[in-house]
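Asker: Structure in structure tokens, see below.
Any read-out appearing in this document is the output of simple, stated calculations on the displayed coordinates, not a laboratory observation. Bear in mind that the values here come from a model prediction, so they are computed numbers and not experimental data. Positions of Cβ are generated from backbone atoms using ideal geometry, with glycine treated the same way; all protein chains shown enter the neighbour counts.
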Amino acid sequence: MGPNGGARPFSRREFLRRSAGAAVALPSAAAILAACTKPGATSGTKPSSVEEDLLAHPARPDHPVTLPLYQDPIPASTPIEEGATLQVYNWADYLWPRLFREFEDAYSKYGVKVNLTTFNDIDEGVAKLASGQVTPDVFFPDPSQITKLVVSKLLQPLQHDLIPNLEANYWPEFQNPFYDQGWHYTVPYTIYTTGIAYRRDHIPDEKIRSMSNPYEILWDPEYKGRVTVYDDRRELLALGLIKNGIKDVNTGDPSLINMAKDDILKLIDATNAQLTINGVYVKMAEDVFWVGQSWSGDVVAAALYYLPKGVSPDVLGYWYPSDGGGVIGNDTMVIPASAKSPRLAHEFLNFMLDKTNAWNNFTNWNGYQPPLTSIDPTSLVPKVVPPSLSEAVVLPKYFDTGSFILGVSPSVDALYNQAWDEIKAGA
Amino acid sequence: MRSEVTAPAPGRGDQRVTRKRARAVTDGARSRALYPRWYWPSFAAPATVWLAVLFVLPFFVVFAVAFGTTDLFGNPLPVYQPWYWSTSTFTGTLQRFFGADAFYRPALVRTLVFVPVASLLCLVFGYAIAYYVARHSGRRKGLFLVLLISPFWISYLMRVYAWQGLLQPDGLINKVLVAVHLVGTPINWLEGKPLTVILGLVYGYIPYMILPLFGFLDRIDPNLLEAGRDLGASPAKTFLRVTLPLSRQAILAGMIIVALPMFGDYYTNDLLGSTRTAMFGNLIDTAVESPGGGPQAGSLVLMLMVLLIVPLLYYLHSTRKAQEVG
């Protein structure tokens, strides 16, 4: 105690005791206040039976879904918001930044600006949108999230008159997709496959193509320390399923999910594989990883943009099952219900669906192919995609034979979560 | 706190204490007359509010999340009324440590190995450095102190990214190791090696060990060491019998300061290890990032706190004992 300690009317111990009393009293008051509301009251209204049915039986290619409408689309006569800032919420490195500037220029007489906010994975993106931490005008979810977003009334229906470019420019299957019949809420952004990317300077093309099951190359201890797989719950477990011949990558069968999980743990044990998101487009380009699970767009982006200067793009190779029976997917663009500039958001969607803009986005920067009817996939090689990556071109027929990673019911989702936790815990 | 009122020290101190107490009584009487009762307690208000807002309240929210529920998107819905709390996630999480399929256990075991090993390495290297700076750096002491603090000028994240580059298969460290024929082929340091993660932890936390040790060692009265030597002790014996016992409290403080945050560290392993070197902090991180993982993350946080209370109580106990002795 300091020299003046004695001047206090009570000892330090008493002083501390009294402070502690006050410290305890404050939060209990908060708790008593909070107790006035029932738990779960913030989750909104209870879903109706139609909505519960939609969530329990999510869309599949053979079970197309028409999503319920809770409001009308904005009228086509809605004026463009003057001086607005269009809030775009997207994956990082997934849209050519120059297009934002071009959009601003095209709408300069309205004084609009574009602001980009990014998420690291789609679970985070959707969670932040749902909790209101972000209020974007345009969002880029994949089909597995659409139903949940719609029944939670987080999306607004699209005014088709304001988006003529979809019907003019895009594959017919995306004008009436199985996950959103009549495209009430979504327009397509890009399409991709999930295959295997590899460094051809270390692994010859013949090696992977002569294997009876080329997925097994990711389990090959010869490439110990040089293997990367996606740090993505559903993609990684889908690899475990499809390698074992299970085409239904949305299975709810616990024994199959368990088998996939065990096989992924074996992969990590055999090759010390790293779970990454940028393992292909950044680190394979830098020769850190030699073989990895890869989205087609990632390896194309690596070739277009990320290889060090002077390295020829043909060091990169990509394998996808020739029968088209691998994992496929697409991303969409939607307008959240809370959008502050819905008319401008419609303009942006139509702008991104413009033939030239979509093409420039794909070929200059992004590497992810848009499903444009004007693109003849076979002509992309070698103009855009180097010959060694010819299998990274997404063909329309893949959408007949490939496996879509899609939404699952909450109880099945919990099984995937448990398997994922086990993989991530390094068991 | 040495209690002046209840346990007067013997001898000369006795008189001093008595005088002081007498003054305290008169001062106390005067202050009661001048100030209202709430005057002095109100000085604690900032600290009390700080404690309540930044510790007690968030701690209660962790409980509310751990025993709460989630919405359709997996966002946690905290439940603030203890009578509605559900313990199912908590017990389920415990099962993952101690149940039949205890797949969290390896991460717990790794944490209980990595952290003590890394803390001890921090101590060994940190002690040597602090000892040198305190005792032998002469007039360059200021320079050494600046050098010790300088890593804080660059974000830990940036520095670990630099290590990633250095440790890559074709990075500088492997090039040197191969060039001097210490190893035949490059070592892949980043493929989930416990050694890399432990050294990463040491690298990240060692300044927090050196600074308190330096503070203590620097204040040891040189006369005590001279006395030791005068009484015939060798330099080694002086160190063991004088310096080391005097720095016991500093060692304990340094160990606590580095070990506690290491237990919650997840980014060192994220950047330098893999899932195979996942630690307790990575379990929490994965839970936070998984949809619906909020309650589980809350449960893990509570379990980690229980784990950390043990060394903390030991530290408090031993400092109190040291104060009673001193």
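Asker: Of the options B:Leu199, B:Ile257, B:Leu211, report the single residue whose Cα projects farthest towards the positive end of the charge dipole of region B:105-289 (beta-carbon charges: Lys, Arg +1; Asp, Glu -1).
Answerer: B:Leu211
Asker: So what's the gap between the Cα centers of region A:359-390 and region B:251-277, to the nearest angstrom?
Answerer: Using only Cα atoms, the two centres lie 45 Å from each other.
Asker: Sequence neighbours fewer than 8 away in the same chain don't count; with that in mind, list the lysines whose C-alpha is under 20 Å from A:Lys397.
Answerer: Correct list for A:Lys397: A:Lys247.
Asker: Still on this structure, I have one more. Taking the Cα-to-Cβ direction at A:Thr378 and at B:Lys237 and moving 7 Å from each Cα, how far apart do the two end points lie in nm?
Answerer: Reported label-point gap for A:Thr378 and B:Lys237 is 9.4 nm.
Asker: Select from A:Phe289, B:Tyr267, B:Phe55 the residue farthest towards the positive end of the dipole of the protein assembly as shown; place +1 on Cβ of Lys and Arg, -1 on Cβ of Asp and Glu, and compute about the Cα centre.
Answerer: Toward the positive end, the furthest listed residue is B:Phe55.
Asker: Here is a follow-up. Over the alpha-carbon set of chain A, divide Rg by the Kirkwood Rh and report the Rg/Rh ratio to two decimals.
Answerer: Ratio of gyration radius to Kirkwood radius: 1.07.
Asker: Can you run the Rg to Rh ratio on region B:105-289? Use alpha carbon positions and the Kirkwood inverse-distance Rh. Walk me through the numbers on the way to the answer.
Answerer: Numbers: Rg = 19.3 Å, Rh = 18.4 Å.
Using only Cα positions, Rg/Rh for region B:105-289 is 1.05.
Asker: Highest mean first, what order results for A:354-364, B:204-214 on Cβ atoms within 10 Å? Numbers along the way, then the final one.
Answerer: Values: A:354-364: 18.0, B:204-214: 22.5.
Descending mean neighbour count gives B:204-214, A:354-364.
Asker: Hydropathy at least 0.0 by Kyte-Doolittle, axial extent at least 27 angstrom from the Cα trace: which helices of chain A, defined as entire DSSP H runs, fit?
Answerer: A:12-34
Asker: Related question: Apply 1/(1 + (r/R0)^6) to the Cβ-Cβ distance of B:Leu34 and B:Leu312, taking R0 = 56 Å, and write down the FRET efficiency to the nearest 0.05. Mind dumping the intermediate values first?
Answerer: Details: r = 40 Å, r/R0 = 0.72.
Plugging the Cβ-Cβ distance into 1/(1 + (r/R0)^6) gives 0.90.
Asker: May I pose another question? From other protein chains only, count the Cβ atoms within 10 Å of every residue's Cβ in B:285-294, then give the mean.
Answerer: Details: counts 1, 8, 4, 1, 9, 10, 13, 6, 4, 1.
Mean inter-chain Cβ contacts per residue within 10 Å come to 6.
Asker: Going by average Cβ density within 10 Å per residue, which order do the peptides A:65-72, A:177-184 take, highest to lowest? Walk me through the numbers before you get to the answer.
Answerer: Working: A:65-72: 13.9, A:177-184: 19.8.
Peptide ranking by packing, descending: A:177-184, A:65-72.
Asker: How large is ³J(HN,Hα) for each residue in region B:115-128, as worked out from phi by the Karplus curve 6.51 cos²θ - 1.76 cosθ + 1.60 (θ = phi - 60°), to whole Hz, x for Gly and Pro?
Answerer: Each residue's phi maps through the Karplus curve to give 5, x, 4, 5, 5, 5, 4, 4, 5, 4, 5, x, 5, 4 Hz.
Asker: Need the full-extension length gain, B:Ala128 to B:Thr91, defined as separation in residues times 0.36 nm minus the C-alpha distance. One decimal, nm.
Answerer: Values: separation 37, 0.36 × 37 = 13.32 nm, distance 4.49 nm.
Contour length minus the Cα-Cα distance gives 8.8 nm.
Asker: Mind checking Rg over Rh on chain B, alpha carbons, Kirkwood formula for Rh?
Answerer: Working: Rg = 25.9 Å, Rh = 24.4 Å.
Ratio of gyration radius to Kirkwood radius: 1.06.
Asker: What's the magnitude of the charge dipole for chain A around its Cα centre, counting Lys and Arg as +1 and Asp and Glu as -1 at the beta-carbon? Answer in Debye, nearest 20. Walk me through the numbers before you get to the answer.
Answerer: Values: 35 positive and 49 negative charges, 383 e Å.
That gives a dipole near 1840 debye.
Asker: So for region A:88-149, taking the charge dipole from beta-carbon charges (+1 Lys/Arg, -1 Asp/Glu), which of A:Leu129, A:Gly111, A:Ala92 sits furthest toward the positive end?
Answerer: A:Gly111
Asker: Oh, and also: Give the average, rounded to an integer, of partner chain Cβ atoms located within 10 angstrom of each Cβ in B:47-59.
Answerer: Values: counts 4, 9, 3, 1, 7, 9, 4, 0, 2, 8, 5, 1, 1.
Partner Cβ neighbours, averaged per residue: 4.
Asker: Also, I was wondering about something else. What size of dipole, in debye to the nearest 20, comes out for the protein assembly as shown about its Cα centre when the only charges are +1 on Lys and Arg C-beta atoms and -1 on Asp and Glu C-beta atoms? Walk me through the intermediate numbers first.
Answerer: Details: 63 positive and 65 negative charges, 1182 e Å.
The dipole magnitude comes to about 5680 debye.
Asker: Another question, if that's okay. Sequence neighbours fewer than 8 away in the same chain don't count; with that in mind, list the lysines whose C-alpha is under 29 Å from A:Lys128.
Answerer: Straight-distance partners of A:Lys128: A:Lys38, A:Lys46, A:Lys113, A:Lys148, A:Lys153, A:Lys261, A:Lys283, A:Lys340, A:Lys424.
Asker: Diagonalise the Cα gyration tensor of the protein assembly as shown and give the resulting equivalent ellipsoid semi-axes, square root of 5 times each eigenvalue, largest first, whole Å. If you can, show how the numbers build up before the last one.
Answerer: Details: eigenvalues 633, 250, 118 Å².
Over the Cα atoms of the protein assembly as shown, the semi-axes work out to 56, 35, 24 Å.
Asker: Using all Cα-Cα distances in region A:299-427, what percent lands in each 5 angstrom bin from 0 up to the longest?
Answerer: 2, 8, 13, 15, 15, 15, 14, 11, 6, 1, 0
Asker: I've got another one for you. So, in nm, how far is label A:Glu286 from label B:Leu182 when the simple model puts each one 7 Å beyond its Cα toward the Cβ?
Answerer: 2.2
Asker: May I ask you to order B:103-113, A:252-262, B:171-181 by the average number of other C-beta atoms within 10 Å around their residues, highest value first?
Answerer: Working: B:103-113: 18.7, A:252-262: 16.4, B:171-181: 12.8.
Top of the packing list down: B:103-113, A:252-262, B:171-181.
Asker: For region A:214-219, take each phi angle, set θ = phi - 60°, evaluate the Karplus expression 6.51 cos²θ - 1.76 cosθ + 1.60, and give the result in whole Hz per residue in order, putting x for glycine and proline.
Answerer: Each residue's phi maps through the Karplus curve to give x, 4, 5, 4, 6, 9 Hz.
Asker: Okay, moving on. How far is it, in nm, from the label point at B:Leu112 to the one at A:Asp323 when both lie 7 Å from their Cα along the line to the Cβ?
Answerer: Using points 7 Å along Cα→Cβ, the separation is 5.0 nm.
Asker: Inside 10 Å of the C-beta atoms of A:296-307, what's the mean count of C-beta atoms belonging to other chains?
Answerer: Working: counts 0, 0, 0, 0, 0, 0, 0, 0, 0, 0, 0, 0.
Per residue, the average neighbour count from other chains is 0.
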